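Enquirer: First the structure, which I've put down as structure tokens, then a few questions once you've had a look.
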Amino acid sequence: FFSAENRAVGRMSAHVAAAEAQGEVVKKMKEAMKADPAAHSKEDLDAEVAKLKELKAKADDPMNALEDPVTKEKYTLVRSVGEECVADGELAMLLSKKPDSFVLYDGFEPSGRMHIAQGVFKAMNVNKCTRAGGTFIFWVADWFALMNDKMGGDLEKIKTVGKYLVEVWKATGMDMDRVKFIESSEDIINKAVPYWTQALDIARRTTIARVKKCCQIMGRLENKLTAAQILYPLMQCTDIFFLKADICQLGVDQRKVNMLAREYCDSAGIKNKPIILSHHMLYGLKKGQEKMSKSDPDSAIFMEDTVEDVSRKIMNAYCPVTPDDAPSAKPAPDAELDAGMESMHLGDEDLLKNPCLDYVQHIIFSVPGTTFTAGGTSFSNYQDVRAAFTGGSLDESALKEGLILAINTLLDPVRKHFAEDANAKAILAQVMAWKKETLVPPTGLKRLVATDGTLPVWAVFAPAASVELTLGQLLSTLKSLEQAPADHLAVLYCGDWSSLANNCCGGDTNVIGACHTLLVECMTAINPAIMARVTVMIQSEAILKDPSQYWISVINIGRHFQLQRIRDVDEANEYAGQVVSTLMHVGDVLALAPKTIACSDTDKAAHELAAAYFDETGIQEIGKPAVSSSAAIDSMLKPLHLLEGPANADDQIFALDGAMDVSRKMKRAFCEPGNVAHCPPMALADAVLFRAGGTLQISRKEENGGDKAYTSLAELVADFESGVLHPGDLKPPVTKAVDACLQLVRDRIKASPAAKKAEADVKAWAKKAASAKGKKK
């Protein structure tokens with residue numbers, strides 16, 4: 001009756017033994033009372049049961065894993081790396097279950113300089129983790145550097161900078177035996193399917209409001225975000241699962257996005273959440289700097305700084321003995337807060353905020369066995385240094401002189417390595433030469449090229465995948481394709497990954513694919529001639545031809561648009577997937593480079609946003625598409641003002657409806673005498689007959705006006721409005737026409753193995769979803 005985690009420790013703790021013994025006591029009491037109710041009192045039994053519950057709680061405490069001295073030693077070593085750990089019990093259990101195979105991760109963008117915290121502090125922390133038995137993975141974000149046009153947008157130069165940073169860590173003393181460097185440019189391209197489907201799954205499960213809380217990692221105003229700033233946290237969260245990391249070992253400034261990963265686990269039903277081990281963030285050297293800044297060279301010591309640089313920066317550093325008495329400026333109640341300016345530090349607030357002491361604690365004393373000498377005194381721990389400084393026995397000048405000496409002692413091996421190691425020397429020389437150059441990123445539009453450009457493209461975007469494809473959606477999409485000129489390439493673009501981002505079909509990619517297969521098969525059944533000249537393009541297949549260019553284009557689009565512009569397309573959707581799918585739509589338009597996008601009036605917002613992107617960014621390489629919209633075909637059987645309460649399947653005609661379904665639904669369809677403003681049967685007659693040149697044959701007795709054939713909607717409307725045509729005479733032939741249309745679909749599904757399988761998959765998922773919904777009720 002104990003948790004599997006507790007038993008996985010591999011040894012019976014005293015708590016487990018005590019709980020098992022108490023369990024036997026309770027069991028025997030119950031057996032005795034069953035034989036003789038007077039054997040024990042209910043009060044005595046209740047007391048023993050309460051004692052059992054208490055012992056079980058203690059036995060299931062994951063911190064019991066630390067009763068093993070080896071696990072405790074590993075835990076102490078790893079835990080010392082973090083200013084905070086979420087959660088300590090999970091870390092203890094992980095180290096007991098995977099003592100020599102746990103994985104930690106951090107990431108870095110090889111864009112230039114490395115400050116001392118990333119160099120010395122990180123190297124010492126990595127050594128602690130690997131010495132405890134872990135494997136440390138560095139996610140080399142070279143693809144992100146490429147995306148950001150670092151090093152002139154040259155991937156090979158970016159990779160060389162990455163090699164330079166690795167050489168710095170080697171010289172600093174990082175033990176590389178259990179360290180791996182994985183280049184994101186390789187894996188994001190070569191393993192695009194698992195990476196991006198993971199990212200889209202996170203997006204569909206996460207609200208925009210939650211992602212906005214992560215924007216601290218970019219130091220941006222949450223109320224003035226670009227759409228791309230919603231993408232970045234989602235991608236960083238993806239990295240954690242993509243790398244199969246047990247522990248996220250990043251700075252506390254990354255805490256919010258790491259917590260997002262844990263919350264995603266709750267939503268996705270992932271049992272083993274990533275543990276968050278957040279290290280301290282060093283203060284900047286100037287007053288008021290919560291953290292160092294690569295853009296301000298005097299805010300930090302960098303690994304390539306000269307002896308003179310170190311001396312100048314430390315001697316000029318802010319170094320208060322007592323907390324600054326000046327009150328912190330408080331923003332106005334209605335002011336927009338910069339998430340990046342909030343404190344980078346956890347635990348008890350450090351009122352002194354002295355960067356020199358911060359360096360002593362987290363840089364100098366991060367090296368095992370270090371002593372720090374200042375003012376003629378050698379200190380073996382940070383607490384004594386701080387006490388001496390704040391107590392007055394160690395003055396500012398002596399503290400800074402000791403710190404300068406200690407820092408240069410740490411940097412000397414790095415300087416020596418780059419002076420004497422031939423490979424490191426060559427890498428440094430190359431990087432320094434590039435820094436002196438004015439590296440200009442390549443100009444021009446970055447996009448996926450999805451068509452060969454020989455014919456003008458007439459693009460129609462399929463409706464989002466749904467197991468309830470309506471007849472209206474089916475005919476509206478077909479109508480848009482039928483309008484394509486003969487000299488154009490008609491493309492039906494099926495956004496399967498966009499459907500995933502929008503949580504269509506519960507995010508089941510197989511069912512999403514089945515929905516698109518059914519759409520194509522249904523349209524082929526109704527108008528095989530037009531579908532014979534249509535090129536069906538599946539979004540994921542198109543993307544995978546050049547995923548790097550596609551996603552760079554999507555992120556560039558996100559950088560251009562403010563978040564609210566993207567939200568305006570579908571503000572009712574509160575999930576991050578709405579932002580991602582809308583940006584992807586603009587990227588899809590760039591990929592297709594269509595001359596025309598044909599759509600229904602109800603779907604044109606996203607297309608108009610794409611067209612606006614052409615105008616606002618001045619794209620020259622491809623022409624701006626025209627957006628050609630027309631009225632959507634509606635197969636709803638009731639007017640909107642009568643749709644009250646929960647959705648009723650009988651209020652809509654679906655593509656997979658059987659003959660009995662059609663008959664039943666049409667009998668209930670709203671059809672008020674003389675009401676031509678809201679008359680679903682007339683709308684359906686136009687959709688399935690008049691639009692295709694067909695005839696509606698009314699059969700009735702002579703005294704009711706006799707038989708009549710209608711060939712146009714206008715003629716039908718006139719007679720119905722005047723009362724010449726009664727609803728009872730209109731519904732039967734329309735029912736017959738709708739059923740005849742859907743019979744084409746049924747015949748196609750019966751004859752096509754692909755369509756038959758797609759129908760089976762769709763219906764199976766719908767049944768499963770309905771069952772799950774019923775259980776929730």
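The values are calculated or read from the model by the stated rules, or taken from the named source; none is laboratory data. These numbers come from a predicted model, not from an experiment. Glycine gets a Cβ as well: all are built from the backbone with ideal geometry, and neighbour counts include every protein chain shown. Heavy atoms of the whole protein, side chains included, go into the accessibility calculation; ligands, DNA and RNA do not. Shrake-Rupley method; radii C 1.70, N 1.55, O 1.52, S 1.80 Å.
Enquirer: I need the phi-derived Karplus couplings for the stretch 142-157: 6.51 cos²θ - 1.76 cosθ + 1.60, θ = phi - 60°, integer Hz, Gly and Pro marked x.
Expert: 5, 5, 6, 5, 4, 4, 8, 6, 6, 6, x, x, 9, 4, 5, 5
Enquirer: Reachable aspartates and glutamates from LYS213, Cα under 17 Å, same-chain residues fewer than 8 places away excluded?
Expert: In chain and number order, the partners are GLU222, ASP253, GLU263, GLU336, ASP338, GLU342, GLU574.
Enquirer: Go through 23-31, 229-237 and give me the packing order, highest mean Cβ count within 10 Å leading.
Expert: Peptide ranking by packing, descending: 229-237, 23-31.
Enquirer: Can you tell me the dipole magnitude for the stretch 617-753 around its Cα centre, using point charges on the Cβ only (Lys, Arg +1; Asp, Glu -1), in Debye to the nearest 20? Before the final figure, lay out the partial values.
Expert: Details: 15 positive and 18 negative charges, 84 e Å.
Using only the charged Cβ atoms, the result is roughly 400 debye.
Enquirer: Figure the gain on full extension for LYS98 and LEU640 (residue separation times 0.36 nm, minus the Cα-Cα span) and round it to one decimal in nm. Please report the intermediate quantities before stating the final value.
Expert: Working: separation 542, 0.36 × 542 = 195.12 nm, distance 5.87 nm.
Gain on extension, LYS98 to LEU640, equals 189.3 nm.
Enquirer: Could you pull the accessible area for SER393 with a 1.4 Å probe, rounded to 10 Å²?
Expert: So the heavy atoms of SER393 present about 100 Å² to solvent.
Enquirer: If you take the square roots of the eigenvalues of the alpha-carbon gyration tensor of the stretch 91-211 and sort them as a ≥ b ≥ c, do you get rounded (a/c under 1.5), prolate (a/b over b/c) or oblate?
Expert: Note, shape of the stretch 91-211 comes out oblate.
Enquirer: Per 0.36 nm of contour for each residue apart, how much would the distance between ALA709 and ARG131 grow if the chain were fully extended, relative to their Cα-Cα spacing? Spell out each step's value before the answer.
Expert: Working: separation 578, 0.36 × 578 = 208.08 nm, distance 8.75 nm.
Computed gain between ALA709 and ARG131 is 199.3 nm.
Enquirer: Averaged over all directions, how much area does the convex hull of the C-alpha atoms of the stretch 406-561 cover when projected, in nm²?
Expert: Its average projected convex-hull area is 16.4 nm².
Enquirer: Same structure again: Given H placed on each backbone N at 1.01 Å, which residues far from PHE379 in sequence or on other chains put an amide H within less than 5 Å of it?
Expert: Amide H neighbours of PHE379, under 5 Å, 5+ apart: PHE372, THR373, ALA374.
Enquirer: While we're here: Heads up, I need the accessible area for LYS353: 1.4 angstrom probe, whole protein in place, Å², nearest 10.
Expert: 60
Enquirer: Moving on to the next point. With unit charges on the beta carbon (Lys/Arg positive, Asp/Glu negative), name the residue among ILE566, THR524, LEU592 whose Cα is farthest towards the positive pole of the charge dipole of the chain.
Expert: My answer, from the dipole projection, is THR524.
Enquirer: Output ³J(HN,Hα) for the stretch 458-466: one whole-Hz value per residue in order, computed from phi by the Karplus curve 6.51 cos²θ - 1.76 cosθ + 1.60 with θ = phi - 60°, and x for Gly and Pro.
Expert: 9, 9, 10, 9, 5, x, 4, 4, 8
Enquirer: If you don't mind, there's one more thing I want to ask. Give me, ordered by chain and number, the residues 5 or more places off PHE181 or on other chains with an amide H under 5 Å from its own placed amide H.
Expert: PHE138
Enquirer: More than 20 Å apart: what percent of Cα pairs in the stretch 613-691 qualify?
Expert: 49
Enquirer: Which three extents, in whole angstrom, do the alpha-carbon atoms of the stretch 698-746 cover along their principal axes, largest first?
Expert: Over the stretch 698-746, Cα extents along the principal axes are 37, 23, 16 Å.
Enquirer: Also, quick follow-up: Extension gain ARG533-LYS750, at 0.36 nm per residue separation less the Cα-Cα distance, in nm?
Expert: Stretched out fully, the ARG533 to LYS750 stretch lengthens by 75.8 nm.
Enquirer: ³J(HN,Hα) across the stretch 580-596 via Karplus (A = 6.51, B = -1.76, C = 1.60, θ = phi - 60°), whole Hz, x for Gly/Pro?
Expert: 4, 5, 5, 5, 4, 4, 5, x, 5, 5, 4, 5, 7, 6, x, 6, 9
Enquirer: With respect to the cross-link table entries LYS256/LYS353; LYS701/LYS731; LYS27/LYS53; LYS244/LYS273; LYS638/LYS667, which display a Cα-Cα separation exceeding 19 Å? Display every interim value, and only then the final one.
Expert: Working: LYS256/LYS353 23 Å; LYS701/LYS731 15 Å; LYS27/LYS53 13 Å; LYS244/LYS273 11 Å; LYS638/LYS667 12 Å.
From LYS256/LYS353; LYS701/LYS731; LYS27/LYS53; LYS244/LYS273; LYS638/LYS667, over 19 Å: LYS256/LYS353.
Enquirer: Might you report the magnitude of the Cβ-based charge dipole of the chain about its Cα centre, with Lys and Arg at +1 and Asp and Glu at -1, to the nearest 20 debye?
Expert: 1520
Enquirer: Quick one: pull the percent of accessible area on the chain belonging to carbon and sulfur, 1.4 Å probe, ligands and nucleic acids left out.
Expert: Carbon and sulfur: 52 percent of the exposed surface of the chain.
Enquirer: Follow-up question, since we're still on this one. Tell me the label-point distance for the pair THR377, LEU439, using the 7 Å Cα-to-Cβ offset, in nm and rounded to one decimal.
Expert: Taking the two extended label points, one gets 4.7 nm.
Enquirer: If R₀ is 22 angstrom, what is the calculated FRET efficiency for the pair SER629 and ARG565, using the beta carbon separation as r and rounding to 0.05?
Expert: For R0 = 22 Å, the calculated efficiency reads 0.65.
Enquirer: Which of the peptides 559-572, 499-512 is most tightly packed, and how do the rest follow, going by the mean number of other Cβ atoms within 10 Å of each residue?
Expert: Going by the mean number of other Cβ atoms within 10 Å, highest first, we get 499-512, 559-572.
Enquirer: Now, a different point. List, in the order given, every pair from LYS665/LYS757; LYS30/LYS773; LYS98/LYS757; LYS191/LYS479 whose Cα-Cα distance in the structure shown is over 32 Å. Write down the numbers at each step before the final one.
Expert: Working: LYS665/LYS757 26 Å; LYS30/LYS773 40 Å; LYS98/LYS757 43 Å; LYS191/LYS479 38 Å.
Exceeds cut-off: LYS30/LYS773; LYS98/LYS757; LYS191/LYS479.
Enquirer: Write down the Kirkwood hydrodynamic radius of the chain, to one decimal in angstroms, obtained as one divided by the mean of 1/r over all alpha carbon pairs. All intermediate terms of the calculation are to be shown ahead of the outcome.
Expert: Numbers: mean 1/r = 0.0319 Å⁻¹.
It is 31.3 Å.
Enquirer: Please compute the modelled spin-label separation between LYS191 and ALA209, points set 7 Å along Cα→Cβ, answer in nm with one decimal.
Expert: The answer from the label model is 3.5 nm.
Enquirer: What fraction of the Cα pairs in the stretch 153-288, stated in percent, has a spacing above 27 angstrom?
Expert: Within the stretch 153-288, distances greater than 27 Å cover 29 percent of Cα pairs.
Enquirer: Calculate the spin-label point distance for GLU574 paired with SER397, positioning each point 7 Å from the Cα along the beta-carbon direction, and give it in nanometres.
Expert: 6.2
Enquirer: In Å², what does the accessible area per residue of the stretch 554-632 work out to with a 1.4 Å probe?
Expert: Result: 39 Å² of accessible area for each residue.
Enquirer: Further question on the same structure: Under a cut-off of 16 Å between alpha-carbon atoms, report the lysines in cross-link reach of LYS436, not counting same-chain residues fewer than 8 places apart.
Expert: LYS150, LYS157
Enquirer: In percent, how large is the relative contact order of the chain, given Cα pairs closer than 8 Å and 6 or more residues apart?
Expert: It rounds to 11 percent for the chain.
Enquirer: Which translational diffusion coefficient, to the nearest whole µm²/s, is obtained for the stretch 260-323 from the Stokes-Einstein equation, given a Kirkwood hydrodynamic radius over C-alpha pairs, 20 °C and 1.002 mPa s?
Expert: The calculation lands on 144 µm²/s.
Enquirer: So for each of 759-769, 90-100 I average, over its residues, the number of other beta carbons within 10 Å; can you give me the resulting order with the highest mean first? The partial results should precede the final answer.
Expert: Details: 759-769: 16.1, 90-100: 21.4.
Result, highest mean Cβ count within 10 Å first: 90-100, 759-769.
Enquirer: Still on this structure, please answer the following. May I ask you to list the aspartates and glutamates whose Cα is less than 15 Å away from that of LYS624, ignoring any residue fewer than eight positions away on the same chain?
Expert: Answer for LYS624, where 15 Å is the Cα cut-off: ASP588, GLU608, ASP615, GLU616, listed by chain and number.
Enquirer: What accessible area per residue, rounded to a whole number of Å², is obtained for the stretch 654-716 using a probe radius of 1.4 Å?
Expert: Computed with neighbouring chains in place, this is 50 Å² per residue.
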